[in-house]
Amino acid sequence: MIKAVKIINDLENLFFPTTCLGCTKIIPPHAGSICVSCRHELPLTQYINENDNPTEKILYGRVKIENGASFLRYYKKGIVQQLIHHLKYKGHEEIGIFFGKWMGKELAASKRFNDIDLVIPVPLHPKKLKSRGYNQVSKFGEEIAKALGATYSEEILINTSYSKSQTLKDRLSRNFGKKSNYIVTTETNLNEKHILIVDDVITTGATMERCIKAFSKNKNIKISIATIAITA
Ligand SMILES: [Zn+2]
């Protein structure tokens, strides 16, 4: 029986090699990466337009932001985790395009995000960027910038690794050599700009907080955040 199923699957793959990245069902070529039923099942947060939503609350009392939003709820072993996994580790950058276009449309329709000047992704640690070959948030950010009529930039906020970390504790730590150091390049004039920092998943908000703090020397700027998902 298992063999028969395998043969059928092989035949299907031969004729329709595209599978849904959410449920692995075969989908027709050019139907996108996510099948219709998975799209309907996506746990949308539906709070992009709401003030004081859960994404914003994560950063309460830590850093000041104008507005924040996440598009989906991330559950362990759920479809969003599956899709983010494909986006991060399996080279499926089209997932970022898909959600960037979709969320971008909703952000553009919201008064809370319609004056964004710059879209900036959370930069990957250089070692990670080298091994992965791409920043999984790039396509998502590019599509959002397009939808908002904003400029997309990966040059303003950069991630440099600590290399002077020499204490024994540091060397024994599993994070040795992996610490991210976010800095804002000084050449860019950010005066009066409204920046949207984008990331894939927000959980504790620690990364986002450090990225926002990197802009603390720039007095007259506004910062908002948008993520594909929020840990439920
Ligand atoms: Zn599916």
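Quick rundown of the values:
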| read-out | value |
| --- | --- |
| Hey, Lys88 away from the ligand (no atom under 16 Å from the Cβ), free of Cβ contacts under 8 Å to residues at least 12 places away in the same chain and in the same structural domain as Gly205 (by TED's automatic domain parsing) or not | no |
| Condition broken by Ile79, with the remaining ones in (1) more than 16 Å from the ligand (Cβ to nearest atom); (2) in contact (Cβ under 8 Å) with a residue 12 or more places away in the chain satisfied | (1) |
| Some residue of segment 151-160 being assigned to a loop (DSSP other than H, G, I, E, B) and among the small types (Gly, Ala, Ser) | yes |
| Failed item in (1) touching a Ser or Thr at 6+ places or on another chain (Cβ under 9 Å); (2) modelled with pLDDT under 95; (3) more than 15 Å from the ligand (Cβ to nearest atom), with Glu94 passing the rest | (3) |
| Selection count, segment 1-23, where residues are modelled with pLDDT under 85 and either within 16 Å of the ligand (Cβ to nearest atom) or in a loop (DSSP other than H, G, I, E, B) (or both) | 7 |
| Selection count, segment 24-44, where residues are farther than 17 Å from Lys101 by Cβ and either assigned to a helix (DSSP H, G or I) or more than 16 Å from the ligand (Cβ to nearest atom) (or both) | 3 |
| Residue list for segment 149-166, filter: in contact with a Ser or Thr (Cβ under 9 Å, 6 or more places away or on another chain) and modelled with pLDDT of 60 or more | Tyr152, Ser153, Glu154, Glu155, Ile156, Leu157, Ile158, Asn159, Thr160, Ser161 |
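The values are calculated or read from the model by the stated rules, or taken from the named source; none is laboratory data. Remember, it's a predicted structure, so these values are computed and weren't measured experimentally. As a convention, Cβ positions derive from the backbone with ideal geometry for all residues, glycine included, and neighbour counts pool all protein chains shown.
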